[in-house]
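Working notes, structure below.
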Amino acid sequence: MGGLKDRFLFASAPDSWGVLDYPGPSWKQSYEKMLDEMVSAGYTGTELGPYGFFPTDAKILQPQLDKRKLKLLASFVPVKMTDPAASAGCIEQIRKVGGLLATLNAPFLVMADDQSPERIAFSGRAYDKDCPALSVQQWRHVGNVVADAEKVANEFGLDLVFHPHVATYVETPEECELFFDAVSHTNVGLCLDTGHCVYGYGDSVKEAEKYQHKLRFVHIKDCNNRVLEEARRKKWTFEEAIEHKVFTIIGQGNIDFPAFFRTLVKNGYSGWSVVEQDVKFGATPVPPVESVSASLKYLRGVVSDLGTEIAAH
């Protein structure tokens with residue numbers, strides 16, 4: 001059991017405090033207090049969150065992490081990877097964030113397609129007949145952009161992993177397959193987000209199995225299927241679904257985490273999982289520190305039970 005406990009490490013992230021990808025009221029909260037709450041909840045790592053929320057000067061941020069014994073793991077970097085006109089901007093953003101991550105000795109850079117208005121309108125409904133999809137030429141461009149991004153990440157000693165994401169052109173299992181076909185000439189890995197996977201009609205256990213050789217980083221979210229079904233029926237945007245609490249405290253939704261971790265164990269995964277609960281800032285009946293604490297307690301229980309199960313066999 002001790003072996004599994006050491007093998008699965010859990011980190012937190014600013015989105016559980018309602019920090020959005022762009023500046024706004026959620027960015028005005030104290031990052032020091034947030035880091036204190038992560039530590040008090042039992043976490044030993046964190047993601048950077050959107051570039052600019054935490055200090056972007058490593059000389060300021062590193063001491064804050066060090067004194068709390070928190071390991072910085074990655075940053076989530078959404079880019080317009082389907083638009084040839086945005087290519088230079090994509091690579092510049094990867095370079096900017098990558099420089100900070102490398103200085104802080106973070107291992108990963110998490111890349112995703114940026115949310116677009118046309119796919120936001122089909123959040124969680126990518127199989128609807130009018131939902132826009134990428135052409136063969138656009139997929140070829142994606143392959144080129146990701147290859148360029150990987151070169152930059154490698155320059156910084158970072159492992160580039162890709163995050164399929166709701167309200168983007170890589171949301172469903174089929175789109176994920178098309179993505180990895182398009183980038184087959186690269187070594188980009190998968191960052192599997194259990195919540196986004198379910199939202200895009202995927203099964204996180206099946207995806208973890210399918211991509212066992214590419215799965216290098218995990219984002220843990222839990223999903224309330226009843227809210228998700230309502231979101232699809234009422235054609236809510238992703239943000240509206242978040243406001244209606246489509247993501248829950250881990251263990252209180254419908255994702256089978258014992259099965260998920262059993263698959264990770266079987267396939268030899270070890271390392272970090274980032275525990276997240278996307279919430280609307282200022283609209284959390286349960287304070288974020290209590291939510292992330294309850295989530296970690298549940299996940300540690302899952303890992304402990306799995307260790308007992310393995311020992312018994």
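Matching residues to (1) more than 16 Å from Cys197 (Cα to Cα); (2) part of a helix (DSSP H, G or I); (3) at pLDDT below 95:
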position	(1), (2), (3)
Val227	no, yes, no
Ala231	no, yes, no
Lys235	yes, no, no
Ser273	no, no, no
Lys280	yes, no, yes
Glu290	yes, yes, no
Ser293	yes, yes, no
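Of all the residues that make up the range 295-312, how many are among the hydrophobic types (A, V, I, L, M, F, W, C) and open to solvent by less than 40 Å² (accessible area, probe 1.4 Å)?
5
Being of a type outside the set (Phe, Trp, Tyr), out of contact with any Phe, Trp or Tyr (no Cβ under 7 Å at 6 or more places or on another chain) and either open to solvent by 40 Å² or more (accessible area, probe 1.4 Å) or not in a helix (DSSP H, G or I) (or both) is the requirement here; does Ala74 meet it?
Here the answer is no, as Ala74 does not meet what is asked.
Consider only pairs whose beta carbons are under 7 Å apart and that are at least six residues apart or on different chains; among these, list those whose first residue lies in the range 73-89 and is touching a residue at least 12 places away in the same chain (Cβ under 8 Å) and more than 15 Å from Glu276 (Cβ to Cβ) and whose second residue is of a type in the set (Lys, Arg) and buried (at least 18 other Cβ atoms within 10 Å of the Cβ).
Qualifying pairs under 7 Å: none.
Looking at this structure, is Cys191 surrounded by 20 or more Cβ atoms within 10 Å (Cβ to Cβ) and part of a helix (DSSP H, G or I)?
no
Hey, any hits in the range 228-242 for a residue that's crowded, with 21+ Cβ neighbours inside 10 Å, touching a residue at least 12 places away in the same chain (Cβ under 8 Å) and touching a strand residue (DSSP E or B) at 6+ places or on another chain (Cβ under 8 Å)?
For the range 228-242, residues crowded, with 21+ Cβ neighbours inside 10 Å, touching a residue at least 12 places away in the same chain (Cβ under 8 Å) and touching a strand residue (DSSP E or B) at 6+ places or on another chain (Cβ under 8 Å): absent.
Lys33 - would you say it is surrounded by fewer than 22 Cβ atoms within 10 Å (Cβ to Cβ), modelled with pLDDT of 95 or more and either more than 19 Å from the chain's Cα centre (by Cα) or over 14 Å from Leu101 (Cα atoms) (or both)?
yes
Would you say Asp181 is touching a residue at least 40 places away in the same chain (Cβ under 8 Å) and either hydroxyl-bearing (Ser, Thr, Tyr) or open to solvent by less than 40 Å² (accessible area, probe 1.4 Å) (or both)?
The answer is no for Asp181.
Quick test of your reading of the structure: Asp128 fulfils all but one of (1) touching a helix residue (DSSP H, G or I) at 6+ places or on another chain (Cβ under 7 Å); (2) of a type in the set (D, E, K, R); (3) over 17 Å from Val188 (Cβ atoms). Name the failing condition by number.
Here Asp128 meets the rest and fails (1).
The values are calculated or read from the model by the stated rules, or taken from the named source; none is laboratory data. Computed from a predicted structure; not experimentally measured. Heads up, the Cβs are rebuilt from the backbone with ideal geometry, glycines too, and the neighbour counts pull from every protein chain shown. Please note that ligands, DNA and RNA were not included when accessible areas were found on the heavy atoms of the full protein model with its side chains. Shrake-Rupley method; radii C 1.70, N 1.55, O 1.52, S 1.80 Å.
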